[in-house]
Every structure is written in structure tokens, then in C-alpha cells.
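Visitor: Dropping the structure in here first, questions after.
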Amino acid sequence: MTRRTTPQAKTDERAFPVRIRLQVPLNGFGLQFDTVHLWLDRIIGRGNYAWHSGGVTAGRDCVVLYFRSTADADGFCSAFPELGLADGTCYPGYSSPALPFGRKAGEDEAVCNLYNVTTTQEAMRQLFRGFAFADRVGNLEPGSIYPDRRAPIIRHDGQALELVRARWGMPSPPSVLKTVRDPGVTNVRNTSSSHWRRWLGPAYRCLVPVTSFAEPLGAGNGNQWFAAADDAPMFFAGIEVRGWQSVRKVKDGETIDDLFAFLTTAPNATVGAIHRKAMPVILTEPKEWETWLSAPFEIAGKLQRPLAEDALRQIEHPI
């Protein structure tokens, strides 16, 4: 996957219909270069993609990948979500007829689209030992959770609770979809919206296990991670829907999935120092977990508030 000559780059620019521009990681691709190379050769196939230098955006080197179909490009982005797009429209100095003065500060900022789970299944069972509890996830590996990935949630199953996997991203409001593909909504703030109200009852609420979560530090600057100050167990206040039929990825066509997202709220001082607009709704007490899973929304909805100022700490790496 060596860089091609400039004439070949011009040929590929004219020939390939789909392209994505990526930021080179701060420390380079390293061993991931070989991983990406093998994936492209095996999954996309030689001759069906091209790789070229993409110049520099906001002081960061970039590369451009060319594909023959949107499905191939979507598959690559799903396989390597940690490789950030070089979205120059988010940087100072960008303007267009639609944005003559550029984007407002903070516009399009992601809100917690990455978190980590290392809580064991046995630990979760012990947290809910007073309830009938069914573990249906099989072998749960600890690690980072990205949008559209399957992750553990705790939800109702008749008279019991069950630990299952669901896909991160609730159905999007139809008004925001430009194509048949629905990438999903990872977090929900406006609970007064008619789109979300249908999933606010106890039957659709869930708890999302989390041990640490990330907020972006800005384009090209990585993430700031947060964890409980006392290492106490935490859950995001989630909502879920089962058996939803949609097109999540063009290459997969229509699929039927159990989906989830979690609520956000105004940030406390700890998170607000990094992300001024929002933070996830985090529940740390057994009484809160029970209220979220079972109380009417007039009561449970009061949990959509910032966590106490001293309840979180900043950490360098996920735990």
C-alpha cells in the first residue's frame, strides 16, 4: 500500500467514484498500517481501492482512500472507527454559501461516542442479586465500545432483568435521514420530542454498563477520559427497542436489531471543562438504577441531570 506517483493519483482521482480523507494518527500508523493493508486486500480486493497522500489539514498529515462503492467505504469506516475523518469543514477558516461565516464554536461536537466496559458479568450479577437476573451475553470481553457496535445492556425480561447485547444507536428521526441508510442516534437529550417519547416508558428503559467514557478534546487532539472518582459502578441511563428493521450499513441491506442509546444532560464542572454542552446521564446508586428501570417517567425523568461535581475524575487512559 505504498504511495503512488502523482500521475497515478490524478488517474485514480478521475476514475474512482468514492473517496474518504483520513487524518494520519499523531504517532503515525505504526503496526496498524499492515493491518489496514491486509484488510483492504482481503475484503476490498486489489484493484478495487487506491491509497494516496492527502496533503495537510490543520497541521495534520492526511491520506485519501479511493473506493469503487459507498458500501466499500462504509465497510472500511466501520472496520477502523478509530481513524478520524479529515473533516476540514470543522476547522477555523472554512466558509461556504451555506456557512458564509464558518461554523459556530462547538457546532457538530460529538457527545460521548466512545466508552469502555470492564465490569465483569459476575460483578453485574452481584449488583442486582436482589432481582431475578438472566445472563444472555455469553462470553463478555472487556474493551471499548464505538457507535453501531454491539454492547451489553441490562433490561426488562418479563418479571426479571436480563443482561444482553444490543447495537449502539437508536432509530433516527425520519426527518434527518437523507437516504435509506440509518446510522442510528447514540445519545438523546430532547425527551420532549415525539420521536423519543414512545421509548421512555419502563418497558423500553435499560442500564448501560460503563467504567470510563471519553469526550473529544477537539479535532486532532484525541479524547479526555473520565471515570468514577471512587471507582464505584456506573451505568448510563439508556433506552432500547427490540427487533427494529432498518438499513444500518448499505452493504448489509436490511437487518433486524435490538438497539439502544443513552440520555445526555447539561455537563457538571468536571466534564464541562472539556465539553461545554453535554454529558451522559450517569447513575451510580442502586436506588437510581431501580427508579430508572421501573418508575413512571414523571419520576425517572428527574434523573436526567448532571452527576455531582466530585463524582468523576479525569484519567489519561480508559479503564
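The values are calculated or read from the model by the stated rules, or taken from the named source; none is laboratory data. Computed from a prediction, not measured in an experiment: that's the story for all the values here. Please note: Cβ atoms are built from the backbone with ideal geometry, for glycine as well, and neighbour counts cover all protein chains shown.
Residue-wise test of (1) part of a strand (DSSP E or B); (2) at pLDDT below 80; (3) surrounded by fewer than 18 Cβ atoms within 10 Å (Cβ to Cβ).
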{"site": "93", "(1), (2), (3)": "no, yes, yes"}
{"site": "122", "(1), (2), (3)": "no, no, yes"}
{"site": "125", "(1), (2), (3)": "no, no, yes"}
{"site": "138", "(1), (2), (3)": "no, no, yes"}
{"site": "144", "(1), (2), (3)": "yes, no, yes"}
{"site": "147", "(1), (2), (3)": "no, no, no"}
{"site": "161", "(1), (2), (3)": "yes, no, no"}
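Visitor: Something else: In the range 247-263, how many are surrounded by 14 or more Cβ atoms within 10 Å (Cβ to Cβ) and either closer than 14 Å to residue 153 by Cβ or modelled with pLDDT of 95 or more (or both)?
Guide: 7
Visitor: Scan the range 47-70 residue by residue and report those that are assigned to a loop (DSSP other than H, G, I, E, B) and at pLDDT below 90. Spell out the reasoning first.
Guide: Start the filter on the range 47-70 by keeping residues that are assigned to a loop (DSSP other than H, G, I, E, B), which leaves 47-48, 58-59, 68-69.
Result: 58, 59.
Visitor: Which pairs turn up if I take residues in the range 233-251 that are within 19 Å of residue 304 (Cβ to Cβ) and touching a residue at least 40 places away in the same chain (Cβ under 8 Å) and look for partners that are acidic (Asp, Glu) and outside any strand (DSSP E or B) with beta carbon separation below 9 Å, at least 6 apart in sequence or on another chain?
Guide: 235/288; 237/288
Visitor: So in the range 186-195, with the set limited to residues that are outside any loop (DSSP other than H, G, I, E, B) and either outside the structural domain of residue 310 (by TED's automatic domain parsing) or surrounded by 19 or more Cβ atoms within 10 Å (Cβ to Cβ) (or both), which one is nearest to the chain's Cα centre (by Cα)?
Guide: 187
Visitor: Scan 207, 200 and give me the residue that is more than 22 Å from residue 125 (Cα to Cα) and outside any helix (DSSP H, G or I). Outline the logic, then answer.
Guide: Working: 207 fails: more than 22 Å from residue 125 (Cα to Cα).
Going through 207, 200 in turn, just one is more than 22 Å from residue 125 (Cα to Cα) and outside any helix (DSSP H, G or I): 200.
Visitor: Does any residue in the range 134-146 that is on the phi > 0 side of the Ramachandran plot and not assigned by TED's automatic domain parsing to the domain that holds residue 164 come within less than 9 Å, Cβ to Cβ, of a residue that is surrounded by 12 or more Cβ atoms within 10 Å (Cβ to Cβ) and assigned to a strand (DSSP E or B) six or more places away or on a different chain, and which pairs are these?
Guide: Once the first residue is on the phi > 0 side of the Ramachandran plot and not assigned by TED's automatic domain parsing to the domain that holds residue 164 and sits in the range 134-146, no partner that is surrounded by 12 or more Cβ atoms within 10 Å (Cβ to Cβ) and assigned to a strand (DSSP E or B) comes close enough.
Visitor: Let me ask something additional. Sort through 129, 155 and tell me the only one that's free of Cβ contacts under 8 Å to residues at least 60 places away in the same chain and outside any helix (DSSP H, G or I). Spell out the reasoning first.
Guide: Working: 155 fails: free of Cβ contacts under 8 Å to residues at least 60 places away in the same chain.
On inspection, the qualifying residue turns out to be 129.
Visitor: Please go through the range 34-46 and pick out each residue that is surrounded by 13 or more Cβ atoms within 10 Å (Cβ to Cβ) and either assigned to a loop (DSSP other than H, G, I, E, B) or of a type outside the set (Asp, Glu) (or both).
Guide: In the first step, residues of the range 34-46 are kept if they are surrounded by 13 or more Cβ atoms within 10 Å (Cβ to Cβ); the result is 35-37, 39-41, 43-44.
Across the range 34-46, the qualifying residues are 35, 36, 37, 39, 40, 43, 44.
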